[in-house]
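J.: The structure follows.
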Amino acid sequence: MKVMAICAGRKNGNGEILAKEALLGAQAMGAEVEMINLFDFNILPCTGCEACTMQMGEIAMDPTKTYKGCVLKEKDDVEALVAELHTCDGVIFSVPTYDLMPSSMYTRFCQRFLAHELSFLLEIGVVDHNPHTVAGLIAVGGSMHDWQTLALESLQASMFTMSLTVVDRMMAQRVGRPANILLHPDQLERAHKMGENIVKAIQTPVEERGWLGDPNDGVCPVCHSSLVYPGDPHWDGVEFPYECAVCGCGGELGTNPETGRPMLIVDPENGRIRDRNNDKARAEHLNEIIQTRIGFFQKQGEIQDDLKKYRELKFPTFKIER
Ligand SMILES: Cc1cc2nc3c(=O)[nH]c(=O)nc-3n(C[C@H](O)[C@H](O)[C@H](O)COP(=O)(O)O)c2cc1C
């Protein structure tokens, strides 16, 4: 049983301290632990080339083709980090909040996972099983929830492509300067608890695993995100009155009987057909990508003149001579 903490904050900063405390919790429960800081690695940004999903689409049509993965895989450290992550049963992310969201050090890392999207790779037969790795999320900010509104939700949103199941999350608040967290023993204690929760989840059979964080956290009863919006039609016409911005579950807005606060009442019949926590439901998104691409290729001939116009259209630009 191995638990890894992945930090994206300053060396000896609040995120590292919280991650260490969480690992102490996991270690006390018998886990082997390790910790990395993303600043120690060379992580190139995703170029958006779509080579990964193009290959996936081709293999979906012809399973004899081989999957080569990300075009950057020999150019930086991400492939080694993904391999290391695959040796773990649980992962704790500790990420600073910048401008309400996870910092770019983290987003640069997580956006490299499209080439490793497990539900897509399962769907096309490139991998044969889901290791069901669990995750705990720590957002670390100088403010309270009002200035970290997209932090945990954005972290959660990135977990689907990373194919990790979130079982606990916490928001460290009002910690600005490095080590400020040491003035908040309650928050450190909460991080310790997260480490314990991660081990509890690992020790629970996959089908019995559930949410181990605050039961009343968030508005969505499925993923516990705080972001629910009035739904719009999906590409194939599916539409919900309200939809969780993170996991995609749909239903009506109601009231949490425990807290009296608003909550999403997930439609018992079809509210989970787009639940991104579910490999099959998520793999439907690969179908969407493939269908959009087929539609484009079929009509590509119609846009050649317009394409030429925009290619040739040049505006003054700014360049730094090196
Ligand atoms: C560029 C920048 C933007 C920030 N934006 C926010 C913010 O929107 N909300 C917030 O709560 N804290 C914000 N902070 C504060 C950091 O989240 C805080 O210092 C945190 O403790 C950093 O974590 P670390 O010590 O692990 O590096 C920001 C800090 C920086 C440098």
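J.: For the chain, which whole percent of the accessible surface, found with a 1.4 angstrom probe, sits on carbon and sulfur atoms?
T.: About 53 percent, which is the carbon plus sulfur part of the accessible surface.
J.: Enumerate the amide H contacts of ILE92 below 5 Å, restricted to partners 5 or more residues apart or on another chain; note that Pro and chain-start residues carry no placed amide H.
T.: Long-range HN contacts for ILE92: MET4, ALA5, ILE6, GLY136.
J.: Moving on to the next point. Give me the number: length gained by fully extending PHE315 to LYS65, i.e. 0.36 nm times residue separation minus the C-alpha to C-alpha distance, one decimal in nm.
T.: This chain segment gains 85.8 nm when fully extended.
J.: Where a Cα-Cα gap under 22 Å defines reach, which lysines qualify for LYS309, not counting those fewer than 8 residues away within the same chain?
T.: LYS299
J.: Ratio to report: Rg/Rh of segment 116-210, with Cα atoms as the point set and Rh obtained by the Kirkwood method; give two decimals.
T.: Taking Rh as the inverse mean 1/r over Cα pairs, Rg/Rh reads 1.06.
J.: Ok, one more. Going down the list LYS280/LYS308; LYS20/LYS75; LYS20/LYS65, which pairs span over 32 Å between their C-alpha atoms?
T.: Violating the 32 Å limit, Cα to Cα: LYS280/LYS308; LYS20/LYS65.
J.: What residues of segment 202-237 lie in the reach of a label at ILE303, counting those whose backbone N is under 19 Å from a point 7 Å from the Cα along Cα→Cβ?
T.: Backbone N within reach: 235-236.
J.: Set the Förster radius R0 to 22 Å, insert the Cβ-Cβ distance between GLU32 and ALA83 as r into 1/(1 + (r/R0)^6), and round the FRET efficiency to 0.05.
T.: Calculated value: 0.85.
J.: What is the P(r) of the chain, as percent of Cα-Cα pairs per 20 Å bin from 0?
T.: Going out from 0 Å in 20 Å bins, the chain shows 28, 57, 15, 0 percent.
J.: Further question: At a 1.4 Å probe radius, which order do GLU288, GLU208, GLU123, GLU269 fall into by accessible area, largest first? Write down the numbers at each step before the final one.
T.: On the way: GLU288 55, GLU208 125, GLU123 95, GLU269 175 Å².
If we order GLU288, GLU208, GLU123, GLU269 from most to least accessible, we get GLU269, GLU208, GLU123, GLU288.
J.: How would you classify segment 1-68 from its alpha-carbon gyration tensor, with a ≥ b ≥ c the square roots of the eigenvalues: rounded for a/c under 1.5, else prolate if a/b is greater than b/c, otherwise oblate?
T.: On the way: a/c = 4.78, a/b = 2.01, b/c = 2.38.
Oblate shape, in that a/c is at least 1.5 and b/c is the bigger or equal ratio.
J.: Right, another one. Under 15 Å between alpha carbons, and skipping anything fewer than 8 positions from LYS193 in its own chain: which aspartates and glutamates qualify?
T.: GLU21, ASP168, ASP214
J.: At a probe radius of 1.4 Å, what is the per-residue accessible area of ASP128, in Å² to the nearest 10?
T.: 140 Å²
J.: What is the list of residues in segment 139-175 whose amide nitrogen lies under 13 Å from a point 7 angstrom out from the Cα of TYR229, following Cα to Cβ?
T.: Zone members listed by number: 150, 154.
J.: Please report the antiparallel percentage of DSSP beta bridges with both residues in segment 2-211, rounded to the nearest 5. Before the final figure, lay out each step's value.
T.: Numbers: 2 of 27 bridges.
Just about 5 percent of them are antiparallel.
J.: Separate question: Counting only other residues whose beta carbon sits under 11 Å from that of ALA135, what net charge do I get with K and R as +1, D and E as -1?
T.: On the way: positive: ARG169; negative: ASP89, ASP168.
Once positives and negatives cancel, what remains is -1.
J.: Moving on. Compute the label zone of THR149 within segment 213-254: residues whose backbone N is under 20 Å from the point 7 Å along Cα-to-Cβ.
T.: Output list for this probe position: 217-221, 224-232, 242-248, 253-254.
J.: Sticking with this one: Using a Debye calculation, one point per C-alpha and no hydration shell, please list log10 I(q)/I(0) for segment 168-321 at q = 0.13, 0.19 Å⁻¹ in order.
T.: -0.85, -1.19
J.: Between SER103 and residues 5 or more places away or on another chain, which pairs have amide H atoms under 5 Å apart, with H built 1.01 Å from N, and which residues are they?
T.: Close amide H contacts, sequence-distant or interchain: TYR98.
J.: Over segment 2-211, average the accessible area per residue using a 1.4 Å probe and give it in Å², no decimals.
T.: 45 Å²
The values are calculated or read from the model by the stated rules, or taken from the named source; none is laboratory data. No experiment lies behind these values; they were computed from the predicted model shown. Here the Cβ is made from the backbone with ideal geometry for all residues, glycine too, and neighbour counts use every protein chain on show. These accessible areas exclude ligands, DNA and RNA; they are computed on the full protein's heavy atoms, side chains included. Shrake-Rupley method; radii C 1.70, N 1.55, O 1.52, S 1.80 Å.
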